[in-house]
Amino acid sequence: MATRVMGVLNVTPDSFSDGGRWTDLPAAVAHGLAMVAEGAHVIDVGGESTRPGAEPVDEAEERRRVLPVVAALAPHVRVSVDTRKAGVAEAAVEEGATLVNDVSASLWPVVAAAGGEVGWVAMHMQGDPATMQADPRYDDVVVDVRSFLVERAEAARAGGVDEVWIDPGIGFGKTLDHNIDLLARLGSLVATGFPVLVGASRKGFLGSLTGAAPAADRLEGSLAVAVWAATAGAAMVRVHDVGATVDALRLVGSSPTGPGLSSGRADAKSGS
Ligand code: HH2
């Protein structure tokens, strides 16, 4: 199945990899449109960093950051709003967002109230960003995350949300081993039948595995995980490096835009 690409657009001063780069409205909109030109299917606009240790942002400030960007991009591309606040989600939908990317996995009633055009992403997080990496524990991380997500997703469906995504929340209250287990057994989430979104782009565990300390140096690991997730059946990957990810997915035949290795008719020139 073709895997779609969600481009990350953080309108924050403190996001772990692109914080401070898109806080100016014209720069944010230009970057969103550039990701669309590179092949992004959805642009995910966020106004509050949820990196480990991040402090919460108040609602008025989060609205000020995200709403103008959502309004400017919505005529051009599907926009999701990355928020934990009902008021921000509601306002973003009014400005044209049609997907609520909810790292708190609790906002489905807002989405249900918005009507059938709006989808919902339920992401798993253990604890809160401020403390979640202190000592995360699970009986079996894959089983625990799966049952949490299925319970939330089924509640949302029963409550009237037709489009429900699930996301294991890589790095959100997870050790290195937890992240690896979730990716290694991603098929267990895919088998639920809910479309799976995976966000591993530039995250810390890639640095732990490859030694690439600055987040911007984690492109190779990010691409490898995107390809891995797509091959395992993820329906969408959330990434910072859209063009490179679209190319990588195209090569393995997971991109909606072309044939690739898995189609058995790769367009490689003969002899090359
Ligand atoms: N990761 C981040 C934020 N939102 N949403 C979903 N559905 N899945 C994710 O894995 C996910 C997410 C964290 O990454 P980023 O937005 O780049 O950084 P920050 O939280 O510092 O703004």
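The values are calculated or read from the model by the stated rules, or taken from the named source; none is laboratory data. As the structure is a computational prediction, the values presented were derived from the model and not from experiment. Counting neighbours? That spans all protein chains shown, and the Cβs are built from the backbone with ideal geometry, glycine included. Quick note on the areas: whole protein, heavy atoms, side chains included, nothing else; ligands and nucleic acids left out. Shrake-Rupley method; radii C 1.70, N 1.55, O 1.52, S 1.80 Å.
For this structure, a couple of remarks:
- Check on ASP162, surrounded by fewer than 17 Cβ atoms within 10 Å (Cβ to Cβ), charged (D, E, K, R) and at negative phi: yes
- In segment 91-141, the residues that are closer than 25 Å to ARG157 by Cβ, touching a Leu at 6+ places or on another chain (Cβ under 9 Å) and of a type outside the set (A, V, I, L, M, F, W, C): GLU94, GLY96, ASN101, GLY119, HIS124
Rundown of residues vs (1) surrounded by 19 or more Cβ atoms within 10 Å (Cβ to Cβ); (2) touching a Lys or Arg at 6+ places or on another chain (Cβ under 6 Å); (3) at pLDDT below 95; (4) within 23 Å of GLU38 (Cα to Cα), yes/no style:
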residue: ALA191; (1), (2), (3), (4): no, no, no, no
residue: SER201; (1), (2), (3), (4): yes, no, no, yes
residue: ALA212; (1), (2), (3), (4): no, yes, yes, no
residue: VAL225; (1), (2), (3), (4): yes, no, no, yes
residue: SER262; (1), (2), (3), (4): no, no, yes, yes
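- Among all positions in segment 68-76, there is no residue which is at pLDDT 95 or above and within 11 Å of the ligand (Cβ to nearest atom).
- Within segment 168-181, the residues that satisfy the criterion of being within 11 Å of the ligand (Cβ to nearest atom) and either over 13 Å from the mean Cα position of the chain (by Cα) or open to solvent by 40 Å² or more (accessible area, probe 1.4 Å) (or both) are LYS174, ASN179.
- In this structure, LEU206 qualifies as modelled with pLDDT under 95, open to solvent by less than 20 Å² (accessible area, probe 1.4 Å) and within 14 Å of the ligand (Cβ to nearest atom).
Residue-by-condition table, conditions (1) more than 12 Å from the ligand (Cβ to nearest atom); (2) assigned to a loop (DSSP other than H, G, I, E, B); (3) out of contact with any strand residue (DSSP E or B) (no Cβ under 7 Å at 6 or more places or on another chain); (4) open to solvent by 40 Å² or more (accessible area, probe 1.4 Å):
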site	(1), (2), (3), (4)
VAL8	no, no, no, no
THR12	no, yes, no, no
ASP18	no, yes, no, no
TRP22	no, yes, no, no
VAL29	yes, no, yes, no
LEU33	yes, no, yes, yes
GLY39	yes, yes, no, no
GLU48	no, yes, yes, no
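- Flag if ASP139 is at pLDDT below 95, farther than 23 Å from VAL5 by Cβ, surrounded by 14 or more Cβ atoms within 10 Å (Cβ to Cβ) and not aliphatic (A, V, I, L, M): no
- Cβ-Cβ contacts under 8 Å between residues 6 or more apart (or on different chains), taken from a first residue in segment 21-33 that is over 11 Å from ASN10 (Cα atoms) to a second residue that is among the charged types (D, E, K, R), are listed as ALA27/ARG21.
- Residues within segment 103-115 that are more than 15 Å from the ligand (Cβ to nearest atom), open to solvent by less than 50 Å² (accessible area, probe 1.4 Å) and either in contact with a strand residue (DSSP E or B) (Cβ under 7 Å, 6 or more places away or on another chain) or at pLDDT 95 or above (or both), tallied: 2
- Elements of type helices (runs of 4 or more DSSP H) contained in segment 125-234, each with 3 or more residues being farther than 21 Å from SER106 by Cβ: 176-184, 186-190, 204-210, 219-231
- Considering the conditions (1) closer than 19 Å to ALA226 by Cβ; (2) under 16 Å from the mean Cα position of the chain (by Cα), GLY32 is excluded by exactly one of them, (1).
- Residue check for GLU154: farther than 25 Å from ARG51 by Cβ, away from the ligand (no atom under 13 Å from the Cβ) and surrounded by 15 or more Cβ atoms within 10 Å (Cβ to Cβ): no
- Filtering segment 53-102 to residues that are assigned to a loop (DSSP other than H, G, I, E, B), open to solvent by 10 Å² or more (accessible area, probe 1.4 Å) and under 30 Å from ALA134 (Cα atoms) leaves GLY53, GLU55, PRO56, VAL57, ASP58, ARG84, LYS85.
- Cβ-Cβ under 6 Å pairs, at least 6 apart or on other chains, segment 189-215 side in contact (Cβ under 8 Å) with a residue 12 or more places away in the chain, far side within 10 Å of the ligand (Cβ to nearest atom) and assigned to a helix (DSSP H, G or I): ARG202/ALA215
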